[in-house]
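Notes for the one structure printed next.
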Amino acid sequence: MAERTETWTVRRVLEWATADFRGRALDSPRLDAELLLASALLCTRLDLYTGMDRPLEPDELAAYRASIARRRRREPVAHIIGEKELWSLAFEVTPDVLVPRPDTEALVDAALRAGPGARLLDLCTGTGCVAIAIAAERPDLAVDAVDVSPAAAAVARRNAARHGLEDRVIVHEGDLYAPLPDGARYSMITANPPYVPDAEIDALAAEVRCEPRLALAGGADGLDVVRRILEGAPRFLAPGGAVLLEIDPRQAAAVAEEIGPRSLAVRGEIARDLAGLERVVVFRT
């Protein structure tokens, strides 16, 4: 951002940053500019619109410039501001976890339609956003959440505490079912597992490649972790339980009609996301 003698107001810096991001072919230049400025000013996006003519203080302008420099390097906005919203809830985000995406709301929605139950298991929990969103909507449910990454599990615990759910969302560290107590049974198992084929990782957008490979790479066909979840599910499902998996739409038919039935002896139902894509496979046993 070039030095100017004129005052930099909220309006001017937003216009400048939006044009800069658009010129760099970023996907959502205006939204990115607003989110970064709101973070720099410690306010909401609504506050920006009600204070368009407010001049920025030098320290605020410096903070915004630093954020713009990071975004120019294609660092995800969620990493820069340290949080991302899903299901109208804000979640802490660090480079140790997958950034929550709107697609995942289809998994939350499907889980909330799955009927009453005593306990839910959320595998590959990352930020904990799925487990926490479901627990926030369903006070009748307790949730065990699992992640193989200790750093990710720590983020999930902080997010559970942030929303006052640390007593109902218990986060475990370990590989899928390994850290669960003996005899644990769940009315529902959810997961947003790694499902990107290994050969496609390097072709992902630069922002996505900033996220942990462990949360992205799913093996040769993207379904290694999906298979392991489905194979292990019968040992932990209560009678009449359900398994819900977020997947790549290209994988939906194979998971629902081939891979899942081998382990669960039922075909999966496919739920679509807000874009109309086949995003979630639901197995009802």
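The values are calculated or read from the model by the stated rules, or taken from the named source; none is laboratory data. On a predicted model such as this, the values are computed, not experimentally measured, just so you know. We place every Cβ from the backbone using ideal geometry, glycine too, and count neighbours over all the protein chains shown. Areas reflect the complete protein model, heavy atoms only, side chains present, ligands, DNA and RNA absent. Shrake-Rupley method; radii C 1.70, N 1.55, O 1.52, S 1.80 Å.
General remarks:
- Peptides ranked, highest mean first, by Cβ atoms within 10 Å: ranges 58-64, 150-156: 150-156, 58-64
- Accessible-area value, Ser67, 1.4 Å probe, nucleic acids and ligands omitted, Å²: 20
- Per-residue [θ]222 nm for the chain (sum of -39500 (n - 2.57) over DSSP H runs n ≥ 4, rounded to 500): -10000 deg cm²/dmol
- Mean separation of Cα contacts under 8 Å (6+ apart) over length of the chain, as relative contact order %: 14
- Protection proxy ranking of 267-280, 237-250, by the mean of other Cβ atoms within 10 Å over each peptide's residues and highest first, is 237-250, 267-280.
- For Ala66, the shell of other residues with beta-carbons less than 13 Å away shows a net charge of +2, using +1 for Lys and Arg and -1 for Asp and Glu.
- In the chain, the longest principal axis of the Cα atoms and the axis of helix 29-41 are about 80 degrees apart.
- Here the range 1-88 has 50 percent of its accessible surface on carbon and sulfur atoms, given a 1.4 Å probe and all protein chains in place.
- The range 38-147: relative contact order in percent, alpha carbon pairs under 8 Å with at least 6 residues between: 18
- Taking the DSSP bridge list for the chain and keeping only pairs wholly inside it, about 40 percent are antiparallel.
- With R₀ set to 35 Å, the beta-carbon distance separating Ala184 from Ala69 gives a calculated FRET efficiency near 0.15.
- Percent antiparallel among DSSP beta bridges (both partners in the range 157-285, rounded to 5): 60
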